[in-house]
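The values are calculated or read from the model by the stated rules, or taken from the named source; none is laboratory data. The shown structure was predicted, so the numbers you read here are calculated from the model rather than taken from an experiment. Virtual Cβ from ideal backbone geometry, glycine too; neighbours counted across all protein chains shown. The protein model used for the area step is the full one, side chains on, heavy atoms only, and it has no ligands, DNA or RNA in it. Shrake-Rupley method; radii C 1.70, N 1.55, O 1.52, S 1.80 Å.
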Amino acid sequence: MTTLVFFLEEPSAKEMLHGILPKILPEHIVPRFVVFEGKQDLEKQISRKLQLWKQPDSWFIILRDQDAGDCRKIKENLLNKCIKVGRPDAIVRIACHELESFYLGDLHSVEKGLGITGLAKNQDKKKFRQPDNLPNPSRELQKLTNTRYQKVSGSRAIGRYLNLDNNRSRSFNALTQAIKKIVLSSNPAEAY
């Protein structure tokens, strides 16, 4: 049995993954989640958690929000930490700028998950064509849903409806492609 371990900065990412992973993972790959108390906690503890992980046949994906940081520097920093502890095959994915850009990339899923009609028609508006470019996606989602979106419960509700093949968020697509490549490949390093 293979274990796919997700290191996450927040509980909402876990809830989102609970929604999409059943659509991707075969039965022989079991997901595990290590949820940190924010990005600083993740950055601080990631090396130790990777070093202490002893379960064989485990693959790792680290998911963190970009927030206002430099995406490339954040990714490079996390990859360097993985390499230093002997896990160069760990995959780092950055949500641009926040996890909510995944949801804004598929407004149909937001509509279905939160039970709000008429949201999907906004998908072709300039603002939502490339949601990764929005500096504050969580605020945009709050505004769009008239504050019905809450991070954890909203991620749980929306995640199961996210379309894996039609999402305008490039960072969401990069995450799902990495997961799919791990599933298809015996060598996770090919998933980069």
field: Beta bridge orientation in the chain: antiparallel %, DSSP, nearest 5
entry: 0 percent
- request: Go from 0 up to the bin containing the longest alpha carbon distance in the range 19-61, width 10 Å each, and give me the % of pairs per bin.
  value: 21, 46, 31, 2
task: Per DSSP H run of n ≥ 4, the term is -39500 (n - 2.57); total these for the chain, divide by its residue number, and report the mean residue ellipticity at 222 nm rounded to 500 deg cm²/dmol.
output: -13000 deg cm²/dmol
- prompt: When the Kirkwood hydrodynamic radius is evaluated over all pairs of different C-alpha atoms of the range 13-161, what value in angstrom, to one decimal, is obtained?
  reply: 16.6 Å
message: From zero outward in steps of 10 Å, how is the percent of C-alpha pairs of the range 98-192 spread across the bins?
response: 17, 48, 24, 10, 1
- line: Note, Ser138: beta-carbon cut-off 12 Å, +1 each Lys/Arg, -1 each Asp/Glu, net -3
message: On a straight-distance basis, which aspartates and glutamates could pair with Lys44 in a cross-link, Cα separation under 16 angstrom, same-chain partners fewer than 8 positions away excluded?
response: Glu9, Glu10, Asp65, Glu76
- prompt: Which net charge results when you count Lys and Arg as +1 and Asp and Glu as -1 among the other residues whose beta-carbon is under 9 Å from that of Ala157?
  reply: +2
statement: Carbon plus sulfur, as percent of the 1.4 Å-probe accessible area of the chain, comes to 49 percent
query: When ligands, DNA and RNA are left out and all protein chains stay put, how many square angstrom of accessible area per residue does the chain have with a 1.4 Å probe?
result: 50 Å²
- prompt: Considering amide H positions built from the backbone, and no H for Pro or chain starts, which residues 5 or more places from Val5, or on another chain, come under 5 Å of its amide H?
  reply: Arg32, Trp59, Phe60, Ile61
Neighbour net charge for Phe128 - beta-carbon separation under 15 angstrom, K R +1, D E -1: +2
statement: Set Lys23/Lys127; Lys73/Lys121; Lys23/Lys125; Lys81/Lys127; Lys73/Lys180, cut-off 32 Å on Cα-Cα distance; pairs above it are Lys73/Lys121; Lys81/Lys127
